[in-house]
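Below is one structure, written out as structure tokens; the observations come after it.
The values are calculated or read from the model by the stated rules, or taken from the named source; none is laboratory data. None of the values given here were measured: they were computed from a predicted structure. Neighbour counts run over all protein chains shown; Cβ positions are idealised from the backbone, glycine included. Heavy atoms of the whole protein, side chains included, go into the accessibility calculation; ligands, DNA and RNA do not. Shrake-Rupley method; radii C 1.70, N 1.55, O 1.52, S 1.80 Å.
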Amino acid sequence: MSSWPEIVELAPGAFHLRRCLPIDAQWALLRRCRALLDGAVPAYVPVVRGGGRMRVRMLCLGRHWNGKQYRYEPTRSDFDGLPAPPLPEEFRALAREIAASVGMSLDPDICILNYYDLRGQMGLHQDKDEGERALAAGVPVVSLSLGDAARFLLGGTRRRDPVDTVRLESGDAFVFGGPSRLRYHGVSRIEPGTAPPELDVTGRFNLTFRQYDL
Ligand SMILES: O=C(O)CCC(=O)C(=O)O
């Protein structure tokens, strides 16, 4: 990661790290993400409980998030039965380092990799399917963004709480843990044509790193 990200604490435990990844690191990570999304266990568009299709292509590494049952499992029993690919060690190390840079501890065993095309979105939700102990301890989620910028929504811990909009650009990280671990969040839209030209990419890749248990 860059030695000089600009770190803004938006609320206790919620940090926006601007320019966290230099462009060469973004490029290398993007290549890995593309290969994974179109690899032997490819990304897919989840259909969630209630029948709605998500507006992203998703691939879970380490453990699979079952969108019909809202739980993690080793294989994609809600889709094709394939095993979740392993979480690469260098991904884990990067997420750990980002968490540590804001004074938090994370030893991730899950990464949810999402690709948003220009119409991609994600509704307001809480990340609360990880283990009870990790949630209670406020073990953070680390999010990394690549490609086009996104309007990221950050609410409170109740659905009706007011929501702020944060512009997440390529190379930015966002960390939410401690008292912010269960904040509602989502993505209202992708801003077309805003990715760094060096990346030669359309749309947005987002990686969220999570730790299931302590
Ligand atoms: O794409 C993002 O910035 C947020 C992703 C997200 O909320 C999630 O994967 O749970």
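Once all protein chains are placed together, residue 133 keeps about 140 Å² accessible to a 1.4 angstrom probe.
Averaging Cα coordinates gives a centre for segment 89-129 and one for segment 200-214; these two points are 5 Å apart.
The relative contact order of the chain comes to 25 percent, based on Cα pairs under 8 Å that sit 6 or more residues apart. Taking 0.36 nm per residue of sequence separation and removing the Cα-Cα distance, the residue 53/residue 71 pair yields an extension gain of 4.8 nm. If you run the Gaussian network model on the chain, springs between alpha carbon atoms under 10 Å, then out of 80, 109, 127 the most flexible one is 80. As a size descriptor, the averaged projected area of the C-alpha convex hull of segment 60-214 was calculated at 9.3 nm². Count Lys and Arg as plus one, Asp and Glu as minus one, and take only other residues whose Cβ is under 10 Å from that of residue 45; the net charge is then +3.
Could you give the accessible area per residue of segment 60-214, probe 1.4 Å, as a whole number in Å²? Each step should come with its number before you reach the end.
Working: 6530 Å² over 155 residues.
On a per-residue basis, 42 Å².
Solvent exposure of residue 82, expressed as accessible area, is near 60 Å², computed with a probe of 1.4 Å over the protein chains only.
First compute the accessible area of the chain with a 1.4 Å probe, then give the percent of it belonging to carbon and sulfur atoms. Numbers along the way, then the final one.
On the way: 5080 of 9780 Å².
Looking at the chain in its full context, I get 52 percent from C and S.
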